[in-house]
Structures are given as C-alpha cells and as structure tokens.
1. Which order do the peptides A:44-54, B:175-185 take when ranked by the mean count of other beta-carbon atoms within 10 Å per residue, highest first?
2. Expressed as a whole number of Å, what is the distance separating the alpha-carbon centroids of the range B:107-185 and the range A:222-283?
3. How crowded by other chains is A:239-250, given as the mean number of beta carbons from other chains within 10 Å of each beta carbon?
4. Ranked highest first by average number of other Cβ atoms within 10 Å, how do B:80-91, A:216-227 line up?
5. Given the C-alpha centroids of the range B:27-65 and the range A:2-46, what is the distance between them in whole angstrom?
6. Averaged across A:46-55, how many Cβ atoms of other chains sit within 10 Å of each residue's Cβ atom?
7. For the peptides A:185-193, A:168-176, what is the packing order when you average, over each peptide's residues, the other Cβ atoms within 10 Å and list the highest mean first?
8. Per DSSP H run of n ≥ 4, the term is -39500 (n - 2.57); total these for chain B, divide by its residue number, and report the mean residue ellipticity at 222 nm rounded to 500 deg cm²/dmol.
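All of the numbers you see were taken from the coordinates with simple rules; none came from a lab. Just so we're clear, the structure is a prediction, and the values are computed from it rather than from any experiment. FYI the Cβ positions are ideal-geometry reconstructions off the backbone, even for glycines, and counts take in every protein chain you see.
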C-alpha cells in the first residue's frame, strides 16, 4: 500500500487550479489559431483575435482568462493500492480547490439554488467541487480537472431516444441543441457527446468527453468519423465566434460511447466555451 | 459597411440612432454593472417610484460579475455574462432612460422592440475575454447591494471599451444577419 500525504494532494490540486485559471491549454490555443486563419467572416476573425490576445494577457499578467472561473469539476481515478494519510481524498480535493480559487483571485461562483446566496462564507470558497471518482488498479492517483463555466453549461441537454433514432437522430439532436444555443455558450465551442449507458451515464460521459485534448483522435474509428460529420454540420450552421456569423462555430466534437439497455438510446450534449480550461496530473 | 465609433457616456438618442448592427464602438466614461439579482432590485425600485442608486438617463449597463481584484488593481477579469437572463428587466430600464446594454448572446423580441421604441442599443462584448476587457476598466466602486458579491452594482470608469452593435434602434440584429450570411443549407 502506497501512502500519499493529504497535504500533497491539496497542494497539487491548488496548483492545477491556479495554472488553469490563467493559462489557456496549448491544444485549445493552437485550435483557435487555426480557426482564426480559416474563419471567413471578418467580424468573427476579429473576435478570435481578441480571444487569443486575451489568452496572452492572462498568461503574461497572471489574470483570470474569464471572469467566470467556473465550478471546479474533477474526474479522479484512484489506484486500489493507495491510501491517503491524514484525511479523505475528497476533503483534500475540496481544500485544494478552495485554496486555488482564493489564492489566484478566481471568482466564487457556487450558490444556493433558490435564495442564490453565495456559498463562499458558509460551505467554502467555490465549494463544493464536483468530483467523479473511479477505482482502478495501481498505486497512483490520476486527477483530471476542468473549470466549467455557466454560459456553456446552460445550453447543454440530455435526452433518451428510442433505439430507432439511430445515428441520424443523434446528429439532428446535436444540431438542434447547438443551433438553439447560438452565441450564448461563447463559440468557438467544443461539443462533448455522451451516447448510451443510462441517463446519468450519458451525461457524465458527455462531460468527460470535453476533457480530451482538442485535435486528438477518437480511438473508435466509427465514432471518429461521426465526430467529423457532426463538426461539419455544426460549422455549416453559420453561428460563428460569439454568434456574430461565421464558419468556425466549433473547434471539435468529442464522443464517448457506452453499451446501453436494449430499449434505450440515451444521448447527452455538453457544451464547452472557447476558454476550455482543462488539465491533468498524476500523483 | 460597418463603421467604427468612439462614444462617451451618457449616451443620447442622437448617439444611438447613428449606430447600425455590426458597427464597432469604443466606449469611454462611466458605465454601471448589474446582473440578474441586481436587475430584479433595480426594477423593483422603479416600480415603487423610488430613487435608483445611479442616474439612469443615458446610462450604459454592463452585464458582468467580475473576479476579485488582485492587490493594486481596480477590478479583476470582467467579461460579459449571457444577456437573456436580463430580458424581462431590460425593457423597463430602457423605458426609464437607459440607452445601452453590454452583454453577450441573443435577446428577446421584447428587448429588441424596446431598443426601437426608446433608442436603446444592445452591444456585444467578447465573452471569455475577461483579462483583456478588465484592463479597459480604470476604476471600480461598489455603489449598491454589496451583499450580492460579484453581482453587486458597480460604477466603472472605462476607456475605449471595445464592443459591437448587436441590436440597433432600427430593429436590426447582427446575430441573425451574420448567421444568414454564413449558413450552408
């Protein structure tokens, strides 16, 4: 059994949050550079230019990329030969989240659902984090993190189709979701699609799909082809950067597919804004 | 063809009627921040006939909830939030003299109609460009509802704050116009 100090996890989580708040990941930056070059609309081109200038300022001056510094979302794979010394792993991740958001002057965006009271002074600064755990073999902890903003989350949807809907039904549904969203989720977007599983499995898969690096290939050739088809369909909608009209509405489409019940075809579409702040560490 | 304008607040009807959807505008002067929670309270004050925490005549309202400032800075990152959440409040603000709104994303027909009726403009700023836009803000002061945290009403002094005209006073909508131009059917 390998023992990892509670404080080591806190520190690692804190550091990844601070880094992600100000430094746009390279995969996203590179994809935006290509999008700016290829965009046909001058207005949208200028918007992407501003987005890249913003990323440079944020990195150089250590300022948050966006005022919506998100809810902290984690996918954690815990090795079955790991023990946290001095506390619970969940508590360490929450503590690291609070420290990172406080120390980097990121915004506390969690609130009570109905009174809308900010939870920073009661539950903790930008707490609780959203954490999805999985147990795997080994003596390491693998932590994937993303800061998930509200604008793109608000246009995300899930639905359980009858199996007859097939691929075509899913493609039409994704187009409908993105078309209705227009400029609200801050395009150029990344679209995460969870297919199969159960209602909640599809939703979690669509979230996890957004953690994949833009420009990486889907290991499943059938899904890889479907990603390309949907990407083209989305870019033909004409929404453009910030909805101002253009040819680059999405940077990428990522699909995660799971086996499902013989009666169902669950689909979830989770949208990520252009400020795709995600990172990954192994302890 | 889109034009570029440099305007100083407060805005007059003469200022706003000159603008067309797609024009680029650099705003300087005083603007006020408000999101959903603050709008709810401001509209309640208007309905009760009570005084607002700022002069609404010719005002520009920025839909933003900034990050906390780093020591020595007036404000943190401060890009626009999604505007539709203010749709039910904006027509009342425009009716009572406000002339401009800065946000992101499409507005309701009621807001577009109110822009036509009261010479209002809906400006779009680049969402997610909070570091760049925050630097255009030279000072910030909370003037109402500090308990709302990031959602409090702030008085901002801005210099050449870059925005694009989305909805003008003639009923045009850049989101519709732009999309129709690039949609492949």
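1. Ranked by mean Cβ neighbours within 10 Å, highest first: A:44-54, B:175-185.
2. Result: 27 Å between the Cα centres.
3. Average per residue, whole number: 6.
4. Peptide ranking by packing, descending: B:80-91, A:216-227.
5. The range B:27-65 and the range A:2-46 have Cα centres separated by 34 Å.
6. For this peptide, the per-residue mean of nearby foreign Cβ atoms is 5.
7. Per-residue Cβ counts within 10 Å, averaged per peptide and sorted highest first, yield A:185-193, A:168-176.
8. My calculation for chain B gives -7000 deg cm²/dmol from helical runs alone.
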